[in-house]
Amino acid sequence: MDERIREAKQVLGREVVVLGHHYQRDEVIQFADFRGDSYKLSQEAARAQGRYIIFCGVHFMAESADILSRPGQITILPDLNAGCSMADMAEITQVEDCWEQLVRAGVTTDEGEGITPITYINSTAAIKAFVGERGGVVCTSSNAAAAMKWGLAKNEKLLFLPDQHLGRNTGYAMGIPLNEMVVWDPYQLGGGVTPDRLRAAKIILWKGHCAVHQRFLPEHVDNVRAKYPGIRVIVHPECRWEVCQKADGIGSTEGLLKMIREAPSGTMFAVGTEIHLVNRMGKEFAEQGKRVITLDDSGCLCTTMFRISPQHLCWALENLVEGNVVNQIKVKDGVKRWARVGLDRMLEIR
Ligand code: 13P
Ligand code: SF4
């Protein structure tokens, strides 16, 4: 499989660029021309020169790449089943309904005067467009604080979706107390929040989460600290607030890598994020005398990231060699326009 992938890549040359998210398995990430977190890969997609962008990641990442790429470029997701369960927790109709109720409660006008909507990049293109059209922005875990600061300079309030944990952790780190945040549950009447509470809140958090990161618990932090005195605990901001509060560092996948890279030799880390990245960190940093273990070994695997196999990558590449485009991700023009506004703002805010 490796040989076939290498050969097809060689034939296609500069026509193709392979982007790989850090959660991809070793067998796949070895073929990435660029690897990174969501922010870095969006930047790479925006400056990609090749005709084809093969995104080894999940659906919302490939959609963002299609929106940010130049006309005529083609974005491919090797397995269309590689979605993101968090992104699935917010549907555009639910977001429209929430907005309508915020307008009715007097929190905002339809155009967004009163509240700045911010969507995490882990959301559909339609939601990115919704936010872009109402003066809002898309963010990633690496610029969420800057995006919130930007949003609060425009309006007194924020609607943050779909990850309640990233929103809560970032807002709290900026000095916003927990009692000024409310959680909007799209499956409850009026979001399960009274209009008075909506009006009083500084941040309205969408009730979404990442099943992978939500598995990490505060007791896992206590356990590793008891077992390995002096260990540094670093976690992704999609983890629960209680876990982040106990951690020594919080960062995007790229940020977590940086923390380990910059630590002195001999440091030991317990990392709260997806297992393929943690295992790779363990291997790569061992030669620098750093030890990296997972915060909990009960298998924190992102099953959708795992969908991208060498076989899928090979199939997509070999089809391109034969002149066939398979699994193209194509965002509708009407949606693209406003989603691009939200994503361009994201790339400007750092
Ligand atoms: P990063 O942008 O930190 O890589 O996060 C993407 C993601 O989906 C984490 O679960
Ligand atoms: Fe989505 Fe969580 Fe997987 Fe990231 S780790 S792609 S948020 S399901």
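The values are calculated or read from the model by the stated rules, or taken from the named source; none is laboratory data. Predicted, not measured: the structure shown is a model, and the values here were computed from it. Counting neighbours? That spans all protein chains shown, and the Cβs are built from the backbone with ideal geometry, glycine included.
Tabulated values for the structure
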| read-out | value |
| --- | --- |
| Single unsatisfied condition, Phe160 versus (1) in a helix (DSSP H, G or I); (2) in contact (Cβ under 8 Å) with a residue 40 or more places away in the chain | (1) |
| Criterion (more than 12 Å from ligand 1 (Cβ to nearest atom), within 24 Å of Ser42 (Cα to Cα) and modelled with pLDDT of 95 or more) met by exactly one of Val243, Val278 | Val278 |
| Matching entry among Cys300, Cys244, Cys239 (being of a type outside the set (Lys, Arg) and touching a Pro at 6+ places or on another chain (Cβ under 8 Å)) | Cys244 |
| Residue that is surrounded by fewer than 22 Cβ atoms within 10 Å (Cβ to Cβ), under 25 Å from Asp33 (Cα atoms) and within 16 Å of ligand 1 (Cβ to nearest atom), where the choices are Gly57, Gly83, Gly72 | Gly83 |
| Test: residue in the stretch 313-330 that is in contact with an Asp or Glu (Cβ under 7 Å, 6 or more places away or on another chain), on the phi < 0 side of the Ramachandran plot, surrounded by fewer than 18 Cβ atoms within 10 Å (Cβ to Cβ) and basic (Lys, Arg) | yes |
| Among residues of the stretch 247-270, those that are out of contact with any strand residue (DSSP E or B) (no Cβ under 7 Å at 6 or more places or on another chain), within 30 Å of Asn179 (Cα to Cα) and free of Cβ contacts under 8 Å to residues at least 60 places away in the same chain, counted | 0 |
